[in-house]
Amino acid sequence: MENEMALRKRIPWTLGVSLLCLVLALFPACESSDKYAGTYAAQGKTGEVRMELKTSGQGIWIAGNQEVTFSWHIKKGDLRINTREGGVIVGKIEGSAIRIGLPGQKDLLFKRVQ
């Protein structure tokens, strides 16, 4: 009877510790996108390019009078932009700025404006 009572006390404790370990192991893998949400601007070949990153994970790329929507997330310190066509553009986070290299263009350094 004592063994049965000890086992009943040990199971919830073991499950609780296991759950806590799982949560702590997964916590560093999640990086909050909220601190990167905002409006950024860069000077491109043909003028200013703006990028709006929303807390919802959606974004808008604005160049001239063209707007392109995309989704985004942060992975290992990089900004990952997922285009509607299935491509991925990777931006390097440099403090409060984001550097994005586009094919056929110089790197764009987006600085936070809002």
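The values are calculated or read from the model by the stated rules, or taken from the named source; none is laboratory data. Every value quoted in this text rests on a predicted model; they were computed, and no experiment measured them. Using ideal geometry, Cβ is built from the backbone for each residue, glycine included, and neighbour counts are taken over all protein chains shown. All accessible areas refer to the heavy atoms of the entire protein, side chains included, with ligands and DNA or RNA removed. Shrake-Rupley method; radii C 1.70, N 1.55, O 1.52, S 1.80 Å.
As a length-normalised measure over Cα pairs under 8 Å and 6 or more apart, the relative contact order of the range 51-91 settles at 24 percent. Between residue 76 and residue 34, the modelled labels are 2.7 nm apart [label points 7 Å from Cα along Cα→Cβ]. Rolling a 1.4 Å probe over the protein heavy atoms of the range 34-91, with every protein chain left in place, gives an accessible area that is 46 percent carbon and sulfur. Cross-link partners for residue 111 among the lysines, with Cα-Cα distance under 29 Å and sequence neighbours closer than 8 places in the same chain left out: 35, 45, 54, 75, 76, 92. Estimated from the Cβ-Cβ distance and a Förster radius of 41 angstrom, the FRET efficiency linking residue 94 and residue 65 is about 0.90. Label-to-label distance, residue 45 versus residue 102, with points set 7 angstrom from Cα along the beta-carbon direction: 0.9 nm.
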